[in-house]
Amino acid sequence: MLFVDGENLTARAQKIARDANVSLSEGPYYSRDVFVWFPYWSATRGMKVDRDSIPLQPTPVRAYYYYTSVVGGEEKIKSVKESLFELRFTPKVFKRSKTRRSKAVDITLATDMLGHAYRGDYDVAVLFAGDGDYVPLVEEVKRLGKGVRVASFERSGLSDDLRLAADTVMYSDEFFLQLWKEYKQKES
């Protein structure tokens, strides 16, 4: 299963795109400060497997990107959920104030990843995050006998503690930037 910390991914993706002079355009793969994903890449398409990776089935059982929050009313939340659903995610989107991040994001991700591990719903979790706060979650999921692969952006602050807690790490910087460059070219 794929678990995406949407707030973390969005903040880090915006930074690496800005640093690489790649513009992210509002649309099906991006909403500023709310969500971002890899153009043309379905959430349930699967992750690249190399010789040092934990073997993954070709497609995840389920992909969760319900760990983001939105400033706005019910209509805005519904719009974001629809966009994430179209990308083949199971969406959960939280309302937040203009001044601070939603606390529900990290807690919900941890609860769901741990709950699915406990029920035996997956063998390997792919956690798309970079925050060291997830280390206890990763350690507990591994204690339950599950594999944990962390996907992150190398150039945007992956926590050393999270990197060391994971079974393997997949860096997505170049792949993300390449897909966004191709997407922008096709848009023009």
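Values quoted throughout were computed directly from the atomic coordinates according to the rules given, and no laboratory measurement underlies them. Predicted model, so just to flag it, every value in this text is computed and none were measured.
Using all C-alpha to C-alpha distances in the range 87-188, build P(r) with 5 Å bins and read off the rounded percent in each one.
Answer for the range 87-188: a P(r) of 2, 11, 18, 19, 19, 16, 9, 5, 1, 0 percent.
Over 27 Å between C-alpha atoms is what I'm after, so list which of Lys81/Lys142; Lys81/Lys146; Lys15/Lys92 land there. Before the final figure, lay out the partial values.
Details: Lys81/Lys142 30 Å; Lys81/Lys146 29 Å; Lys15/Lys92 24 Å.
Long pairs (Cα-Cα over 27 Å): Lys81/Lys142; Lys81/Lys146.
Among the aspartates and glutamates, which fall within straight-line cross-link reach of Lys95, defined as a Cα-Cα distance under 18 Å, with same-chain neighbours fewer than 8 residues apart omitted?
Counting by Cα, and skipping residues close in sequence, Lys95 has these aspartates and glutamates nearby: Asp5, Glu7, Asp33, Glu74, Glu75, Glu82, Asp106.
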